[in-house]
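The structure under discussion appears below in the form of structure tokens.
Read-outs throughout are calculated quantities, based only on the coordinates presented, and are distinct from any laboratory measurement. Keep in mind that what you see is a predicted model, and the values were worked out from it rather than measured. All Cβ positions, glycine included, derive from the backbone under ideal geometry; neighbour counts span all protein chains shown.
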Amino acid sequence: MRFVLDTEQRLLGDTLHGLLTKAGTPALIRRWAAGDHDRTLWSALGETGVFALAVPERHGGAGPLPVELVVAAHELGRHAAPGPIVETLAAAALLDGSAAAGPAAEWLPRIAAGQAVVSLGSPGRIRRALDADAADLILLADGEHLFSAVPEGPAVRALDPARRLFPVRQVERLATGPAVPRAAATAYDLAALACAAQLLGLGRALLDVTVKYARTRRQFGRPIGEFQAVKHHLANALTGLEFARPLAYGAALSFGSPDFPRDVSAAKAAASDAAYATARTALQVHGAIGYTDEYDPSLWIRKVRALRSAWGTPADHRARVLAAVPEVRGESPR
Amino acid sequence: MDLDLSPVEPFRAEVRDWLRRNVPATPLPSLETEAGFAAHRAWERTLAAARLSVVSWPEEYGGRGASPLEWLVFEEEYYAAGAPGRVSQNGINLLALTLFAHGTPGQLGRVLPPMAAGEVIWAQAWSEPGAGSDLAALRATATRADGGWRLNGQKTWSSRAAFADRAFGLFRSGPAAERHRGLTYLMFPLDADGVTVRPVGRLDGRPAFAELFLDDVFVPDRDVIGEPGQGWTVAMSTAGNERGLTLRSPGRFLAAADRLVALWRAHGADPLLRDRVADAWIKARAYRLKGFETISRADDAGAEASVNKVFWSELDVELHETALDILGADAELDGDWLEGYVFSLAGPIYAGTNEIQRNLIAERVLGLPREARR
Ligand SMILES: Cc1cc2nc3c(=O)[nH]c(=O)nc-3n(C[C@H](O)[C@H](O)[C@H](O)COP(=O)(O)OP(=O)(O)OC[C@H]3O[C@@H](n4cnc5c(N)ncnc54)[C@H](O)[C@@H]3O)c2cc1C
């Protein structure tokens, strides 16, 4: 038992952190929101092997590697990287598991290489496809059928302008059979896990920037970080994030076991709460500047609110956890 | 990164099997009563006879040299089996670890085996009426005497001191102005000449702790832990244990959370309480995984023990509050959940209040500026 990242896994995180820092995500997020879907960053992520983590070797990938996926999604969240990244990762699992030999062979190598942007939807679960106008392929999983789809009308206005959400409609059937809902379930769980990891990264970045701000912003002749009310908010934020992280890695390690959906749900519920509480603290501790569109942390704050309910609300996930807890003998505490 | 527990499964199986055969079928009376204390002390002897009272200690002192992972697994099995609370906890989890770090070979040999066997139960005597969070303001004194020290003053809130045998605590051996510097760490018998123990009832009236009045109590030199005057440094090395994994291991919360889910189901699975029940279960699991992370790390977690302390103490309160809300109008009736609830309410207060822990997290983990001291 060694429940910490190994050297290579840490290296992957460091590499992505370096790449995303250099890319300067705040400007990219704003351009993405304005409809500029430049793929420089996407290709670079592909070259680093991010998308290959969800694609099996026989289709040109290296996956599935759930722990590495969590590492990568954490860094992507930390930099609030725009685009349907989680959706593309989920699409890889969906195509691979749906017994759709033709489309899988066509798309998976391109996904792995960072040459395909994919979005997806699923009636009831994923009602709108993220960044569908930027996607090379849109998948729609509906019961036993897997379709390709196209956007149906313009994006719906949302809190986070960098999340462009489109209603879609099916055009062509790619696969049919019991493998489709099975693959859709795995894809959903992987996406929820990646989303949880993104939330943890978003929360971590917000905590770091807020601590920095609290050390430098002065009122009443001293740094606001000296005030206990501020300290305690930040200590609570750290505590929430610190205890949500092991749930995400624990879930990654149960990939392929019957506990995977339950563990993913535990991670997603905890990460949503921890990141959201951190975002509220970040906003409060920054004061008015944090509430402005111009100040970069706001890009993180609104993304946290969006992801909190994406891929299942905290309540959905809590219900899933409880449904999966086995019966125990007694109901008394000792 | 892995969570492969298979190497410790044989140990888990052995512990589970022993507990299945030995855990009393009917719960012992409350630990915080005289009869309950005696019953729990007898249970410690049973545990010790099977070499299960202090599994992580070296064999020469009554342990098995178990690894940190084996210890975590032992705790999981222990609480899952519904085994009795540990009356020896302040000795085996706090004093023993201080002795391992600072004790003389003589002290280890003399103190640890009877502690492991449940023959000597230890109480912690740190707090005073005027020194709680600000422990360095303590005033009880240790003055030099022939061959040892004389203790004078008052200690308070000493858990289970009403029935315990010996105590360990901090005393001022230098001028009060020296605060942290002039303190000495000593061990003394609670039945010694000059010691008066006054039991104090806790929230539900049970005498869970006591006040100690010390009037010229003699302590020989051999019962000083570490160097005289270095008591603060010595004591703070146990403080991390008290806040971290050692005092409250994940096992107890995992077991309580499983039973909370069972209680919720047995009472009709009220959807209004579902999120809270799920949260308690999720947090217990988070604490377990965090424990695995902590023991996997080579670097010292240090101030991060404060993060742990805030987390487990609040989890414990939330979990028991939820149980009582499930029980509805029966919540106020005596029973195991109520006992657990009353116990949990003290968690955010002892072992350094959660406000103090948050200050430490902010200053030592996050690096926020220290408050200007007056
Ligand atoms: C059930 C139980 C068992 C105990 N067992 C033992 C034992 O075995 N041995 C022992 O020595 N002691 C024991 N204690 C005592 C415990 O260690 C103290 O209660 C604790 O250190 C707090 O001290 P206090 O009660 O004097 O509260 P105070 O220090 O007076 O604090 C009162 C309130 O003020 C807040 N506060 C104080 N200072 C600050 C600050 N700087 N910043 C922000 N807030 C602050 C506190 O957080 C708290 O909310 C026990 C307590 C309980 C409840």
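Contour minus end-to-end for residue A:23 and residue A:7, with contour as 0.36 nm per residue of separation and end-to-end as the Cα-Cα distance?
Details: separation 16, 0.36 × 16 = 5.76 nm, distance 2.41 nm.
Stretched out fully, the residue A:23 to residue A:7 stretch lengthens by 3.3 nm.
Please arrange B:350, B:78, A:291 by how many other C-beta atoms lie within 10 Å of their C-beta, fewest to most. Walk me through the numbers on the way to the answer.
Values: B:350 17, B:78 23, A:291 12.
Ranked by crowding around the Cβ, least crowded first: A:291, B:350, B:78.
The residues B:1, B:115, when put in order of fewest to most other Cβ atoms within 10 Å, stand as B:1, B:115.
How high is the relative contact order of chain A, in percent, counting Cα pairs under 8 Å that sit 6 or more residues apart? Write out the running numbers ahead of the final one.
Details: 600 pairs, mean separation 53.6, N = 334.
Once normalised by length, the contact order is 16 percent.
Other residues with beta-carbon under 11 Å from the beta-carbon of residue A:21 carry, at +1 per Lys or Arg and -1 per Asp or Glu, a net charge of 0.
What you get for the stretch B:6-87, charging only the Cβ of Lys and Arg (+1) and of Asp and Glu (-1), is a dipole of about 220 debye around the Cα centre. Using alpha carbons only, how many angstrom separate the centre of the stretch B:323-370 from the centre of the stretch B:12-91? Between the Cα centre of the stretch B:323-370 and that of the stretch B:12-91, the gap is 24 Å. Kindly write out, for the stretch B:23-28 in residue order, the coupling ³J(HN,Hα) from the Karplus curve 6.51 cos²θ - 1.76 cosθ + 1.60 (θ = phi - 60°), rounded to whole Hz, with x marking Gly and Pro. Values, residue by residue: 5, x, 5, 9, x, 5 Hz. The stretch A:32-94 and the stretch B:112-184 have their alpha-carbon centroids 58 Å apart. A cut-off of 5 Å between modelled amide H atoms, ignoring neighbours fewer than 5 places along the same chain, links residue A:165 with A:131, A:156.
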